[in-house]
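Visitor: Starting off with a structure, shown below.
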Amino acid sequence: MGDHQGTTVPTVGGMILFGHDRERHFPDAWIQAGRFAGRDKSRILDRIEIHSFPVQAVEEAITFVQKHSWHGATIGAVRRTDRWTLPPEAVREALINAVVHTDYSQRGAPIRLSIFDDRLEIENPGLLPFGLTVEDLPHGVSRLRNRVIGRVFQALGLIEQWGSGIQRMTAVCRDAGLPPPIFEEIATRFRVTIPTILVGPMVVDATEQAILASLKEGQGLATREIAAIIGLSARATRTRLARLIDRGLVREIGTSAKDPQRKYFFAEGAPP
């Protein structure tokens, strides 16, 4: 809440995050998503309008992307293992950045997510804040437009550290063998493009190699067991495992994310 002329009123960020009548005041505070045939917008195959509150909207948009993402295949000795060609972590970072940095005072278009045969585009109203350039972004320079939304997303663990999202997105794409994301200011909007055409092999670092090696016996290991082997905390280990699962190198078996019996297994076709 904020104070305006002696009266307590909701902040813009509060209205965007929690306001039940928010689209009356901010009619473009939603996400428009579409899957197009080919490499342009001449023919649309599927579309969805997401009007949920921002946190839920990000999850719904990711689900739409996964529904329409191509799957790359690694052929193993026994079976085929699928992996996302659009890394979910990179998609999540791009969507969160769009929600947090949108200029909600603009009228005329919502956040737009477009999936093509060769790329994903996420576009939001509003240019970069004054004094910040596209060239600054890969260096971790960041300036929040919507501080209330940013603080809530950080409290929920959706933002780890200010300015780290772009660098993390770039690293995830590189590790998946994809080109780096492209950042552009177009008219009064900001666009992130994630190409989906592979340009190199998947990168597996030493820690990830150790995780894969620990799982090769085929019996499956719990998070705490893997954490003890690689010398990381359980939280850091879960982060590593999530990335390996996204890339189709590890599979998990369990009833839910909180299942104490959940175990991780080496995926057929993962690097030796």
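The values are calculated or read from the model by the stated rules, or taken from the named source; none is laboratory data. None of these values were measured; they are calculated from a predicted model. All Cβ positions, even for glycine, are placed from backbone atoms using ideal geometry, and neighbour counts span all protein chains on display. We work out accessible area using only protein heavy atoms, side chains counted, and drop any ligands, DNA or RNA first. Shrake-Rupley method; radii C 1.70, N 1.55, O 1.52, S 1.80 Å.
Visitor: Take the conditions part of a strand (DSSP E or B), surrounded by fewer than 13 Cβ atoms within 10 Å (Cβ to Cβ) and either modelled with pLDDT under 85 or acidic (Asp, Glu) (or both) and apply them to Glu49. Does it pass? Working first, answer last.
Guide: On the way: part of a strand (DSSP E or B): yes; surrounded by fewer than 13 Cβ atoms within 10 Å (Cβ to Cβ): yes; either modelled with pLDDT under 85 or acidic (Asp, Glu) (or both): yes.
So Glu49 passes the test.
Visitor: Can you tell me which residue among Arg168, Arg191 is modelled with pLDDT under 90 and either assigned to a loop (DSSP other than H, G, I, E, B) or among the basic types (Lys, Arg) (or both)? Let's see the steps before the verdict.
Guide: Details: Arg191 fails: modelled with pLDDT under 90.
Of the residues listed, the single one that is modelled with pLDDT under 90 and either assigned to a loop (DSSP other than H, G, I, E, B) or among the basic types (Lys, Arg) (or both) is Arg168.
Visitor: Glu135 passes all but one of (1) of a type outside the set (Ser, Thr, Tyr); (2) in contact (Cβ under 8 Å) with a residue 12 or more places away in the chain; (3) at negative phi; which number fails?
Guide: (2)
Visitor: Follow-up question, since we're still on this one. Would you please name the residue that is nearest to the chain's Cα centre (by Cα), looking only at residues in segment 244-271 that are at pLDDT below 70 and either surrounded by 15 or more Cβ atoms within 10 Å (Cβ to Cβ) or not polar (S, T, N, Q) (or both)?
Guide: Filtering first and then ranking leaves Ala257.
Visitor: Something else about it: Can you tell me which residues in segment 1-46 are polar (S, T, N, Q), part of a loop (DSSP other than H, G, I, E, B) and at pLDDT below 85? Don't jump to the end; show me each part of the working.
Guide: Of all residues in segment 1-46, those polar (S, T, N, Q) come to 5, 7-8, 11, 32, 42.
So of that shortlist, the ones also part of a loop (DSSP other than H, G, I, E, B) come out as 5, 11, 42.
Listed by number, the residues that qualify are Gln5, Thr11.
Visitor: Identify the residue in segment 52-92 that is assigned to a loop (DSSP other than H, G, I, E, B) and open to solvent by 60 Å² or more (accessible area, probe 1.4 Å) and, among all such residues, is modelled with the highest pLDDT.
Guide: Taking segment 52-92 as the starting set, the residues that turn out to be assigned to a loop (DSSP other than H, G, I, E, B) are 52-53, 69-70, 76-79, 85-87.
Among the residues that remain, those that are also open to solvent by 60 Å² or more (accessible area, probe 1.4 Å) are: 53, 70, 77-79.
Values: Phe53: 94, Trp70: 61, Ala77: 42, Val78: 41, Arg79: 43.
For segment 52-92, the residue satisfying everything is Phe53.
Visitor: Considering only residues that are touching a strand residue (DSSP E or B) at 6+ places or on another chain (Cβ under 7 Å) and open to solvent by 30 Å² or more (accessible area, probe 1.4 Å), which ones fall in segment 98-114?
Guide: His101, Asp103, Gln106, Arg112
Visitor: Now for a separate question. Would you mind telling me which numbered condition in (1) in a helix (DSSP H, G or I); (2) under 14 Å from the mean Cα position of the chain (by Cα) Gly157 fails?
Guide: With respect to (1) in a helix (DSSP H, G or I); (2) under 14 Å from the mean Cα position of the chain (by Cα), Gly157 is out only on (1).
Visitor: So Phe183 fits all but one of (1) closer than 27 Å to Asp136 by Cβ; (2) open to solvent by 60 Å² or more (accessible area, probe 1.4 Å); (3) touching a helix residue (DSSP H, G or I) at 6+ places or on another chain (Cβ under 9 Å); what number is the exception?
Guide: Unmet condition: (2).
Visitor: Related question: Restricting segment 26-46 to residues that are in contact with a Pro (Cβ under 9 Å, 6 or more places away or on another chain) and more than 20 Å from Arg92 (Cβ to Cβ), which is most open to solvent (accessible area, probe 1.4 Å)? Can you show your working first?
Guide: Kept after step one, since they are in contact with a Pro (Cβ under 9 Å, 6 or more places away or on another chain), are these residues of segment 26-46: 27-32.
Next, only the ones that are more than 20 Å from Arg92 (Cβ to Cβ) stay: 27-28.
Details: Pro27: 52, Asp28: 32 Å².
Restricting to residues being in contact with a Pro (Cβ under 9 Å, 6 or more places away or on another chain) and more than 20 Å from Arg92 (Cβ to Cβ), the top hit is Pro27.
Visitor: Is it fair to say Leu156 is touching a strand residue (DSSP E or B) at 6+ places or on another chain (Cβ under 6 Å), touching a residue at least 40 places away in the same chain (Cβ under 8 Å) and more than 21 Å from Asp117 (Cβ to Cβ)?
Guide: no
Visitor: If you scan segment 129-154, which residues turn out to be touching a Phe, Trp or Tyr at 6+ places or on another chain (Cβ under 7 Å) and either outside any helix (DSSP H, G or I) or open to solvent by 30 Å² or more (accessible area, probe 1.4 Å) (or both)? Break it down into steps so the answer makes sense when it comes.
Guide: First pass over segment 129-154, keeping only residues touching a Phe, Trp or Tyr at 6+ places or on another chain (Cβ under 7 Å): 134, 137, 142.
Scanning segment 129-154 gives Val134, Ser142.
Visitor: Could you grab the pairs with beta carbons closer than 7 Å, sequence gap of 6+ or different chains, first residue in segment 226-243 and surrounded by fewer than 14 Cβ atoms within 10 Å (Cβ to Cβ), second one β-branched (Val, Ile, Thr)?
Guide: Pairs found: Ala234/Thr223.
Visitor: Same structure, new question: Scan (1) more than 20 Å from Gln56 (Cα to Cα); (2) surrounded by 15 or more Cβ atoms within 10 Å (Cβ to Cβ); (3) at pLDDT 90 or above for the single condition Asp117 breaks and write down its number.
Guide: Only one criterion is unmet by Asp117, namely (2).
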